[in-house]
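Read the structure below first, then the notes.
The values are calculated or read from the model by the stated rules, or taken from the named source; none is laboratory data. From a predicted model like this one, the values you see are computed outputs, not experimental measurements. Note that each Cβ is placed from the backbone with ideal geometry, even for glycine, and that neighbours are counted across all protein chains shown.
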Amino acid sequence: MSLRGLGTVAIVGLFAVALQVGILYKQSLHVKAPEVPEPVACLAFDHAAALDRFRRLLTFPTVSSKETPDHVTDHEAMRGMLEHLEQSYPAVWRTMTVEEVGAGGYSRLLTWHGSDTSLDPVLFISHYDVVPVTPGTEGEWKHGPFSGDVADGYVWGRGTIDIKFSVAALLEAATALIQGGGLVQPTRTLMFAFGHDEEVGGGLGANATARLLASRGVRLAAVLDEGGAVLADGMRPFVTDTPVALVGLAEKGYSVIRVVLRSPGGHASMPPTDGSDIGTQVWRLYSALLVLQTPTQLAAPVTDMLRELAPYAPPVMRPLLANADARQSWFVNRLLGFAFRRLLSRDTAAMVADTIATTRLICGVADNVLPQEGTVSFNVRVLPGHTPGHVVEHLRRALKLARIRGAEVQLVEESAWAGSAVTSAAGRPFQLLRRAIQESWPRPKGQPHTALPVIPMLVMGGTDSKHYAPLSEGGILRFVPFGLNKTAGDLGLIHSTNERIPADDFRKAVCVYARVLQLMGSDWSAEPVAAAAAAA
Ligand SMILES: *[C@@H]1O[C@H](CO)[C@@H](O)[C@H](O)[C@H]1NC(C)=O
Ligand SMILES: *[C@@H]1O[C@H](CO)[C@@H](O)[C@H](O)[C@H]1NC(C)=O
C-alpha cells in the first residue's frame, strides 16, 4: 500500500474511533442514579442487649467438617449454640414454626406464616457453622477466636464475617418487629433456613432443608443469602471512594478436575529425550494452557454492576461504564473485557472468565525413580451459564495442543456445580432489597439525600443458596448488611486470623433486616415495576 493509502486508512480509523467515543460520551450524559427513597427510622430495640446475644453466639466453636458423619466436630458446642438461640430469641420461637432438619436435626427451618397463603414465601438463608482456626495460629489472634470480645470498635471472632452475624441480626430484627414493630404476622410467609454445614458444602444441612421444601411443593418468591456486603471504602481507584453496597445476583460454579498423566517411567539416570517424562508433560500442559486461555466474557451481572456504577464514577469513566453491555457496544465490551482480564487485578480477572487454578501436583515415589503417573488437580470456577464440562473440554484441547497422549481428564462429580442463573437487576426482589438498604443504612452527616448506592455483582465463591436455586422463582440475592474495608485488608480476614466486624454494623444490620422483612413480608407481587424499569 502506498504512503497515501496508509494515511487515508489511518484518518478513517481515527475518525471511526472519535465517532464511537463521541456516541458513547453522548449516551453517558443521560446516566442518572436511581431515585433515592426517603429515609426510614430504625425500629426501637436495645442495642447493647442485642450485641451481647450476638457475642455469646460467637463463643460456641461450631466448626464443621467433612470427616464426621453429621459434619459436626463438637456436638456439645453445637447443642449449646442451638439452646442459646432458642433462649435468646424467645419471641421468634413462640411466633414461628421451628423445625429441626438435616443430619442430627442440627439445621433449622423457621416459618413465619403469612396471612395470605396464596403468596409464595421469601426465604432468608444463613449458617451457624464456621471454618476451623488453623492450628498454630491461635496465638496470633488479638482476641480469642471464640471470645466474642468487643474491643477497639470491633466484635472479634470466628463467625463474625462468616456468618453468625446474619443469623443473630435476622433473629434480632424479627424479634424487634414482633415485640415493638407492629408486625406480628406478615402478609407473605417468611422463612429462615440456618445450616450447620455450609462450610463443607451444605450436603447434610441446606440440601436436606431444600429437599424438605421441595417435597412440600414450596416455590420461593425470593431468596436472600450471604455473598455481598457494603464496601466501606468504595471501589477504588477508578470508580468511587464512598461506600457502595454490592448485592450478588449470581455466583460462579465450582468443581475439581484432575488430569492424570502417564509415562513409561524408568531409571532417573537416563531420562527420555522426547518429553514423555511426567515433569516435561506438566510443563507442556501449562505452556498449552498459557496459549489457550479460557475465553473472556463480559456478561450479566458484571455488566449490570458496571452500568449501575456509572452515575457514581468520575465523568471520564462514565462513557465506558454506562455502555457496558455487549449488545450496545462491541467496542466497549472488548475494551472492558481486556482491562478486567489483563490490566486490573486478579479479582476483576476472575469476574470475566472461567478460572483454572492448580491446587495439587501429585507424583513420584522416590528421588531416583521416574514417575509413571502424575496427577494435576485443578480447582475450577465457571461463569454463570457455564458448566464444569466447558473446562473439561478446554483441558482436553490443551492436552491435544501439548501433544500429550494417554492422559485422562476426570471431573470430580460430587464437587461439580454449574455457574448459577442470574437474578434480574430489574426484578422486584432486587428493587425491594435496594429500597430497604437505602431507606435504612445511615446517610452521611449533612447529606440527607445521599443514600448508599446498591449495585449488582457476581459472587466468586459458593453459597448454600445453590441448594435452593431449583425452588426459586424470583431469583437469589446475596448480601449481608455489614461494611468491609478493602484498604484495611478486611477481605483477607474471611476464614483467617483476627476475623472481626465493626460493632456498630450489627446495629445497622438489624435496622436493614427489619426493613427487608417488612417489605418482603408484604404483598409486593402486584406493585408496579416502574422503579425497576427506570433503573434498568
Ligand atoms: C443431597 O442429599 C441427597 C440424599 O442424601 C444426596 O443424594 C445428594 O447427593 C445431596 N446433594 C448434595 C448437593 O449434596
Ligand atoms: C479503611 O481503612 C483505611 C486503612 O486502615 C482507613 O484509613 C480508612 O479510614 C477506612 N475507611 C473507612 C470508611 O472506614
Within the range 322-342, is there a residue that is touching a Phe, Trp or Tyr at 6+ places or on another chain (Cβ under 8 Å), in contact (Cβ under 8 Å) with a residue 40 or more places away in the chain and under 30 Å from Pro34 (Cβ atoms)? no
Anything in the range 115-136 that is in contact (Cβ under 8 Å) with a residue 60 or more places away in the chain, under 23 Å from Asp197 (Cα atoms) and loosely packed, with under 14 Cβ neighbours inside 10 Å? List them, or say none. Thr134
So, Asp233, is that one under 30 Å from Ala425 (Cα atoms), touching an Asp or Glu at 6+ places or on another chain (Cβ under 7 Å), in contact (Cβ under 8 Å) with a residue 40 or more places away in the chain and not hydroxyl-bearing (Ser, Thr, Tyr) or not? yes
Let me confirm something: among Phe340, Phe378, which residue is surrounded by 16 or more Cβ atoms within 10 Å (Cβ to Cβ), among the aromatic types (Phe, Trp, Tyr) and modelled with pLDDT under 90? Phe340
Does Ala416 satisfy the criteria of being surrounded by 17 or more Cβ atoms within 10 Å (Cβ to Cβ) and modelled with pLDDT under 95? yes
Subset of the range 113-163, residues among the small types (Gly, Ala, Ser) and over 27 Å from Ala206 (Cβ atoms), comes to Ser115, Gly136, Gly139, Gly144, Ser147, Ala151, Gly153
Can you pull out the residues in the range 27-40 that are assigned to a helix (DSSP H, G or I) and surrounded by fewer than 18 Cβ atoms within 10 Å (Cβ to Cβ)? Gln27
What tally of residues in the range 360-399 results from selecting those that are within 14 Å of Val256 (Cβ to Cβ) and without any contact (Cβ under 8 Å) to a residue 24 or more places away in the chain? 3
Mind checking which residues of the range 413-422 are in a loop (DSSP other than H, G, I, E, B) and within 13 Å of ligand 1 (Cβ to nearest atom)? Ala416, Ala418
Within the range 468-508, the residues that are more than 15 Å from the chain's Cα centre (by Cα), among the charged types (D, E, K, R) and within 30 Å of Arg216 (Cα to Cα) are Glu473
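Condition check: surrounded by 14 or more Cβ atoms within 10 Å (Cβ to Cβ), in a loop (DSSP other than H, G, I, E, B) and of a type in the set (A, V, I, L, M, F, W, C). Does Val92 satisfy that?
Against the criterion (surrounded by 14 or more Cβ atoms within 10 Å (Cβ to Cβ), in a loop (DSSP other than H, G, I, E, B) and of a type in the set (A, V, I, L, M, F, W, C)), Val92 does not qualify.
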Would you confirm whether or not the range 358-374 contains a residue that is outside any loop (DSSP other than H, G, I, E, B), of a type in the set (Val, Ile, Thr), crowded, with 19+ Cβ neighbours inside 10 Å and under 22 Å from the mean Cα position of the chain (by Cα)? no
Counting only residues in the range 495-522 that are within 16 Å of ligand 2 (Cβ to nearest atom) and under 20 Å from Thr137 (Cβ atoms), the one surrounded by the fewest Cβ atoms within 10 Å (Cβ to Cβ) is identified as Asn498
Of all residues in the range 462-494 being within 16 Å of ligand 1 (Cβ to nearest atom) and assigned to a loop (DSSP other than H, G, I, E, B), which is surrounded by the most Cβ atoms within 10 Å (Cβ to Cβ)? Asp464
Are there any strands (runs of 3 or more DSSP E) wholly within the range 181-293 with 3 or more residues that are within 16 Å of ligand 1 (Cβ to nearest atom) and under 18 Å from the mean Cα position of the chain (by Cα), and if so which? 253-262
Are any residues in the range 437-454 over 20 Å from Lys32 (Cα atoms), surrounded by 14 or more Cβ atoms within 10 Å (Cβ to Cβ) and either more than 16 Å from ligand 2 (Cβ to nearest atom) or of a type in the set (Lys, Arg) (or both), and if so, which ones? Ser440
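I want to confirm something. Restricting to the range 41-62 and keeping residues that are touching a residue at least 24 places away in the same chain (Cβ under 8 Å) and in a loop (DSSP other than H, G, I, E, B), which single residue is surrounded by the most Cβ atoms within 10 Å (Cβ to Cβ)?
Going through the qualifying residues, I end up with Thr62.
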